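The values are calculated or read from the model by the stated rules, or taken from the named source; none is laboratory data. This one's a predicted model, so the numbers in the text were calculated from it and none came from an experiment. FYI the Cβ positions are ideal-geometry reconstructions off the backbone, even for glycines, and counts take in every protein chain you see. Side chains are part of the model used for accessible areas, which takes the heavy atoms of the whole protein and leaves out ligands, DNA and RNA. Shrake-Rupley method; radii C 1.70, N 1.55, O 1.52, S 1.80 Å.
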Amino acid sequence: MNIAWDAGKYTKDFSFVHQYGSAVAELLDCGQGSTVVDLGCGNGALTNQLKNKGFRVIGIDASPDFLEAAKRSYPEINFIQADATSFSVEEPVDAVFSNAVFHWIDKDKQALMLACVYKALKSGGQFVFELGGHGNNALIHRELARIFAEYGYHYKMPFYFPTIGEYASMLEQAGFKVSYAVLFDRPTELKGENGLKDWIDMFVKTPFEDVADSKDREDIKDMAAAALKPALYKDGKWYADYVRLRMKAYK
Ligand code: BEZ
């Protein structure tokens, strides 16, 4: 999915994405000096954390906006513009890492991405990643779908949130040995009084492309926030209903 990202706003208001990613990186147990690809590196913040752990790093992302921001913030890191479903590396690497990226890839393109990861790894190389798991943001998407229908639109779910079983099976079909998998709830605090509407603005872009009227687009987001307030607003803070799928596999 090609999204025009506002890298500045993302870095300022959604830094929790890479902050939570630190725990995923702890699953990497290759030694210092190992080469790690950060697949879907975004603004490069996690790539830099991996570098600070002593890894040699390569950041890969499809978004020119993100890569420009990443190169500006971390000019000493090797960032490459490529799509996760067609990337390649010059030399096989020790590990591929990814945080909060794979749910953006359509289900029918996941196998292409997994084949690229497999090819990029040395024999025995590690694949450590987290994505939105089954049930991720279910309340938000259900409410948006309901309101879209009220306005006469079909809400096309823009993400792929697999179960452990589904994704482990895809990994095995791609040749990987799965060593770790966990699916867990992670209610996630959003910034500011408009936290949920801002989150929808930042992340739920493609369904709104079908809504021609800009007032309708704003009204739908406001209605969703109002309807979800009892469930997702507590003690003056918004929380998104995140569910994570965290896994590790070997080539
Ligand atoms: C996630 O990290 O799970 C996610 C973030 C934004 C949109 C959809 C999913």
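Might you let me know whether the stretch 230-247 holds any residue that is at pLDDT 95 or above, loosely packed, with under 15 Cβ neighbours inside 10 Å and in a helix (DSSP H, G or I)?
Checked against the condition, which is being at pLDDT 95 or above, loosely packed, with under 15 Cβ neighbours inside 10 Å and in a helix (DSSP H, G or I), the stretch 230-247 yields at least one hit.
Scan the stretch 204-211 and tell me whether some residue there is open to solvent by less than 70 Å² (accessible area, probe 1.4 Å) and away from the ligand (no atom under 15 Å from the Cβ).
Yes, the stretch 204-211 has at least one match.
Within the stretch 132-143, is there a residue that is within 16 Å of the ligand (Cβ to nearest atom), part of a strand (DSSP E or B) and modelled with pLDDT of 95 or more?
Checked against the condition, which is being within 16 Å of the ligand (Cβ to nearest atom), part of a strand (DSSP E or B) and modelled with pLDDT of 95 or more, the stretch 132-143 yields at least one hit.
What pairs come out if I take residues in the stretch 100-127 that are in contact (Cβ under 8 Å) with a residue 24 or more places away in the chain and assigned to a helix (DSSP H, G or I) and pair them with residues that are open to solvent by 10 Å² or more (accessible area, probe 1.4 Å) and charged (D, E, K, R) whose C-beta lies under 7 Å away, six or more apart or interchain?
Between residues of the stretch 100-127 that are in contact (Cβ under 8 Å) with a residue 24 or more places away in the chain and assigned to a helix (DSSP H, G or I) and residues that are open to solvent by 10 Å² or more (accessible area, probe 1.4 Å) and charged (D, E, K, R), the close pairs are Y118/K251.
Restricting attention to the stretch 145-186, and to residues there that are within 16 Å of the ligand (Cβ to nearest atom) and exposed (fewer than 12 other Cβ atoms within 10 Å of the Cβ), which single residue is nearest to the chain's Cα centre (by Cα)?
The selected residue is F184.
Of all residues in the stretch 1-38, how many are under 22 Å from L114 (Cα atoms), assigned to a loop (DSSP other than H, G, I, E, B) and among the aliphatic types (A, V, I, L, M)?
4
What tally of residues in the stretch 85-127 results from selecting those that are within 13 Å of the chain's Cα centre (by Cα), among the hydrophobic types (A, V, I, L, M, F, W, C) and open to solvent by less than 10 Å² (accessible area, probe 1.4 Å)?
Number of matching residues: 2.
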